[in-house]
């Protein structure tokens with residue numbers, strides 16, 4: 001039961017993270033177009049700046065829970081990585097309740113007010129004469145907070161499983177760092193060479 005809840009939350013945040021990853025493609029195309037028309041055609045756009053910070057902001061907000069689900073956030077684990085898994089889980093469990101959940105709850109509450117006010121006045125950017133709507137970006141703030149809260153629940157359940165079983169439950173892996181692929185390939189080659 002616990003594992004299925006963790007997997008469901010992880011899959012939800014994977015789907016959201018993958019959907020918002022397309023912001024990178026749109027952002028790249030938009031910035032490339034702006035560079036071309038600005039420097040080659042000498043006719044800059046009035047919307048490219050707004051597009052870039054809105055898409056980057058959306059990507060940043062909506063990838064937080066995905067990154068947490070993969071254990072990808074920066075950690076100060078100089079000491080804790082040497083601890084037994086049960087000790088790590090106990091400390092993380094306490095830290096989630098002391099720091100993570102209060103911070104994310106503040107994000108949801110303050111973000112809802114901020115996003116709701118922006119939606120109510122249909123807020124637009126003051127940085128360009130086009131008046132690009134920015135209220136959708138501000139509405140993503142509480143949504144990101146809700147997704148982080150759900151992922152926090154999954155992380156607490158991971159800690160409880162680790163406390164019970166003595167090992168960390170596996171995480172979903174859909175992306176692998178190049179250095180990890182190279183190390184895995186090197187160790188596989190070394191093992192194959194040792195057998196020959």
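The values are calculated or read from the model by the stated rules, or taken from the named source; none is laboratory data. This structure is a prediction, so every number in the text was calculated from the model and none was measured. For neighbour counting, all protein chains shown are included, and Cβ atoms are generated from backbone atoms with ideal geometry for every residue, glycine included.
Summary of computed values
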| item | result |
| --- | --- |
| Test: residue in segment 139-154 that is within 30 Å of residue 28 (Cβ to Cβ), without any contact (Cβ under 8 Å) to a residue 60 or more places away in the chain, surrounded by 19 or more Cβ atoms within 10 Å (Cβ to Cβ) and touching a helix residue (DSSP H, G or I) at 6+ places or on another chain (Cβ under 7 Å) | yes |
| Checking residue 60 against (1) closer than 28 Å to residue 31 by Cα; (2) at pLDDT below 95; (3) touching a helix residue (DSSP H, G or I) at 6+ places or on another chain (Cβ under 6 Å), the condition it does not meet | (3) |
| Extreme residue, nearest to the chain's Cα centre (by Cα), among residues of segment 104-137 that are within 30 Å of residue 5 (Cβ to Cβ), without any contact (Cβ under 8 Å) to a residue 40 or more places away in the chain and surrounded by 19 or more Cβ atoms within 10 Å (Cβ to Cβ) | 111 |
| Helices (runs of 4 or more DSSP H) lying entirely in segment 45-102 (those with 3 or more residues that are surrounded by fewer than 17 Cβ atoms within 10 Å (Cβ to Cβ)) | 48-62, 85-95 |
| Failed criterion for residue 1 (all others in (1) closer than 30 Å to residue 168 by Cα; (2) surrounded by 14 or more Cβ atoms within 10 Å (Cβ to Cβ); (3) over 18 Å from the mean Cα position of the chain (by Cα) hold) | (2) |
